[in-house]
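Accompanying notes for the structure given below.
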Amino acid sequence: MSDRPVPRRPRLRAALTLLAASITAGGVALVVAPSADAATTLGASAAATGRYFGTAVAANKLSDSTYVGILNREFNSVTAENEMKIDATEPQQNQFSFANADRIVNHAIAQGMKVRGHTLAWHSQQPGWMQSMEGTALRSAMLNHVTRVATYYRGKIDSWDVVNEAYADSGGGRRDSNLQRTGNDWIEAAFRAARAADPGAKLCYNDYNIDNWTWAKTQGVYTMVRDFKARGVPIDCVGLQSHFNSGSPYPSNYRTTLESFAALGVDVQITELDIEGSGQSQATTYANVVRDCLAVARCNGITVWGIRDTDSWRASGTPLLFDGSGNKKAAYTATLDALNAGGTTNPTTPPPVSPTVSPTPPTSTTPPPSGAGCTASFTVNAWTGGFTATVKVAAGAAGVNGWAATLTLPSGSSVTNAWNAQATGSTGAVRFANVSYNGRIAAGASTEFGFQGTGTPPTGTPACAAS
């Protein structure tokens, strides 16, 4: 809860649904049964079980009347898509810009909605000045950013994604990033700074590919949260992004994952939900996700990552609850029905002590090749019709003063944008060269860049050349 509470939207349900109490071996279980007067919107139905149902919002779409009409009618929580990220809020060091984020926050408050803050510390979407930093200077700049932004929004944010995507896609360890290279305690430091700046907000760790309980990445995050709770590091919640598609499907043990994190004494939140597909299959998966959340007392909210399919970052996969014209899809009906069916407040069960761990979630990784002074490797997050790739460029024993990595895209694929590198070409063999701030790599060190594309992602080994 914030220390300056955000006004709540009045519930649309005429009366709270029937509470039936039953005694179980683990304690009292409160079951919220469906009522004859079921809620007719997502937010109102979620509120009846003490939860929120939210969406990601882009400031430039607040002038779209269809978009805003659905937003105001259906949701009781919002997350800024990009407007609260580091490059948006501190484009120049110590020069903060909140205008676009304020548009979203003020709209939400006026509508009685909660606000999720996304995100304070992240290796991606850093402004150029931060990307060029390292060591003590970077650590200080990161903590200053966390403090300044969280202080500015103090009392207005229900939950902050304090740290985003800090774990590697495979192996269960930390992602190599400029923030990680400031010291392994950087995540803890960010959480402590956020607590000092906004004591009333819930502080979350947020990541993708931590949905399946058996994945090594899930276990790595779980171990960190357990350690933080044991040592008194201020962490209140874990956010599961839950971007589901054929390459990364909804796992049958999803509820186990939610229960296991909750058993550590933190809330769990589904923070960026989208499910590619259509028809009954998509509708069934949305309903399953909702039922899993409602079955876990500390799963206190769900956020879908966009409103209409055309608003989605994965638009070609039609992954949301409304079509491009704003019409309700079968997935919407299934989601609302699942919310209206009610939930439980059963105590969560302890997580398994020694789960069977598979080392790699469904992403593509290529081994680093040999090259003239540098090597390159990459990981891919793919969906129907598109992908993003993160490329790691590592220096050899002598270090490098400049580099270029070349990847060959399949026919029909193209690069649409890149960050931390200058791309030459967009189809076929695409060359990515260093920019001014990341060309020099010390011996044995590395840097990362990324790009987004349409079509099928590359699978070959990137070639790396140093200068």
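Kindly indicate the residue of the stretch 245-302 that is among the small types (G, A, S) and closer than 22 Å to D227 by Cβ and also surrounded by the most Cβ atoms within 10 Å (Cβ to Cβ) among those meeting that condition.
Within the stretch 245-302, the subset among the small types (G, A, S) is 246-248, 252, 260, 262-263, 265, 277-279, 281, 283, 287, 295, 297, 301.
Those left that are additionally closer than 22 Å to D227 by Cβ: 260, 262-263, 265.
Details: S260: 25, A262: 22, A263: 16, G265: 13.
Restricting to residues being among the small types (G, A, S) and closer than 22 Å to D227 by Cβ, the top hit is S260.
Which one of these is under 30 Å from A47 (Cα atoms), among the hydrophobic types (A, V, I, L, M, F, W, C) and buried (at least 23 other Cβ atoms within 10 Å of the Cβ): L120, L62? Give the derivation first.
Numbers: L62 fails: buried (at least 23 other Cβ atoms within 10 Å of the Cβ).
Within the list L120, L62, the selection yields L120.
Return yes when D158 is closer than 19 Å to V238 by Cβ and at pLDDT below 95 and no when it is not.
Working: closer than 19 Å to V238 by Cβ: yes; at pLDDT below 95: no.
For D158, the condition - closer than 19 Å to V238 by Cβ and at pLDDT below 95 - is not met.
Given the stretch 189-298, what helices (runs of 4 or more DSSP H) lie entirely inside it while holding 3 or more residues that are farther than 22 Å from Y332 by Cβ and out of contact with any strand residue (DSSP E or B) (no Cβ under 6 Å at 6 or more places or on another chain)?
Numbers: elements: 216-231, 254-262, 279-294.
Correct list: 216-231, 254-262.
Is there any pair with a first residue in the stretch 208-228 that is over 17 Å from A262 (Cβ atoms) and a second that is of a type in the set (K, R) whose Cβ atoms are under 9 Å apart and which are 6 or more apart or on different chains, and what are they?
Final answer for the pair search is Y208/K217; N209/K217; G220/R174.
What is the residue count in the stretch 82-103 for residues that are surrounded by fewer than 20 Cβ atoms within 10 Å (Cβ to Cβ) and basic (K, R)?
Result for the stretch 82-103: 1.
Among (1) more than 30 Å from S248 (Cβ to Cβ); (2) over 28 Å from the mean Cα position of the chain (by Cα), which single condition is T406 missing?
Failing condition for T406: (1).
Return only the number of the condition from (1) crowded, with 16+ Cβ neighbours inside 10 Å; (2) polar (S, T, N, Q); (3) within 21 Å of E74 (Cβ to Cβ) that Q131 does not satisfy.
The single condition Q131 does not satisfy is (3).
Kindly indicate the residue of the stretch 114-135 that is part of a loop (DSSP other than H, G, I, E, B) and hydroxyl-bearing (S, T, Y) and also farthest from G50 (Cα to Cα) among those meeting that condition.
If we filter the stretch 114-135 for residues that are part of a loop (DSSP other than H, G, I, E, B), which is where we start, we get 123-127, 132-134.
Then drop every residue that is not hydroxyl-bearing (S, T, Y), which leaves 124, 132.
Values: S124: 33, S132: 44 Å.
Among those that are part of a loop (DSSP other than H, G, I, E, B) and hydroxyl-bearing (S, T, Y), it is S132.
Give D211, D169, D198, D207 a once-over and let me know the one that is open to solvent by less than 10 Å² (accessible area, probe 1.4 Å), within 30 Å of G439 (Cβ to Cβ) and among the charged types (D, E, K, R).
Values: D211 fails: within 30 Å of G439 (Cβ to Cβ); D169 fails: open to solvent by less than 10 Å² (accessible area, probe 1.4 Å); D198 fails: within 30 Å of G439 (Cβ to Cβ).
Residue meeting the stated conditions: D207.
The values are calculated or read from the model by the stated rules, or taken from the named source; none is laboratory data. Since we're looking at a predicted model, the values are computed, not measured. When we count neighbours, we look across all protein chains shown, and the Cβ atoms used for this are built from the backbone with ideal geometry, even at glycine. These accessible areas exclude ligands, DNA and RNA; they are computed on the full protein's heavy atoms, side chains included. Shrake-Rupley method; radii C 1.70, N 1.55, O 1.52, S 1.80 Å.
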